[in-house]
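The values are calculated or read from the model by the stated rules, or taken from the named source; none is laboratory data. Because the structure is a prediction, the values reported are computed rather than measured. Cβ placement follows ideal geometry from the backbone for every residue including glycine, while neighbour counts extend to all protein chains displayed.
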Amino acid sequence: MSKVDVAASASLVQLIMQKRLTHSQDLLSEDSLFPLMIGAHVTSWDWTSPTLKNAKCNIMPNINAMFVEHAIVKSYQQRLLKNEYIVCLCTILNNILTKASKEVQTIHPATGTLIAKTMWGWWDGLAVPDNL
């Protein structure tokens with residue numbers, strides 16, 4: 001892993017450990033721009049459970065594995081996204097998952113009014129190109 005990924009992994013582990021101390025199980029309330037926060041949220045593992053035994057020993061290797069996997073994916077992701085069939089499949093999946101997603105209210109930057117928006121975000125921040 002790169003030095004940046006090692007630091008980000010340690011920060012995510014620290015954040016999860018703090019959540020455990022406060023007995024807060026909501027990882028979604030944290031900044032979703034935090035590296036791989038969404039990845040930690042979408043796993044089926046209850047990261048913040050007080051019943052998790054030996055959390056320090058169990059959490060860090062799993063978070064590190066997420067960062068290693070993400071680095072591997074980044075190494076070939078751009079080559080894959082140059083293939084029109086893969087982009088088409090990603091676009092179809094994105095549209096299906098967006099329709100199944102919950103609406104989120106955001107503030108319109110120009111008018112300052114609340115707008116309901118339905119959008120899907122890939123846990124690794126995948127940006128599918130629009131140009132087919």
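Quickly run through the range 45-87 and pick out the residues that are at pLDDT 80 or above and assigned to a loop (DSSP other than H, G, I, E, B). Spell out the reasoning first.
Initially, the range 45-87 is screened for residues at pLDDT 80 or above, giving 59-87.
Selection gives 81, 82, 83.
State whether one or more residues within the range 86-96 are surrounded by fewer than 10 Cβ atoms within 10 Å (Cβ to Cβ) and out of contact with any Cys (no Cβ under 9 Å at 6 or more places or on another chain).
No - not one qualifying residue is present in the range 86-96.
So how many residues does the range 114-132 have that are at pLDDT 70 or above and under 17 Å from residue 91 (Cβ atoms)?
12
Tell me which of these residue 121 doesn't satisfy, since it passes every other one: (1) assigned to a loop (DSSP other than H, G, I, E, B); (2) without any contact (Cβ under 8 Å) to a residue 24 or more places away in the chain; (3) surrounded by 11 or more Cβ atoms within 10 Å (Cβ to Cβ).
Of (1) assigned to a loop (DSSP other than H, G, I, E, B); (2) without any contact (Cβ under 8 Å) to a residue 24 or more places away in the chain; (3) surrounded by 11 or more Cβ atoms within 10 Å (Cβ to Cβ), only one is false for residue 121: (2).
On the given criteria, is residue 8 modelled with pLDDT of 75 or more, closer than 28 Å to residue 102 by Cβ and in contact with a Phe, Trp or Tyr (Cβ under 9 Å, 6 or more places away or on another chain)?
Answer is yes for this residue.
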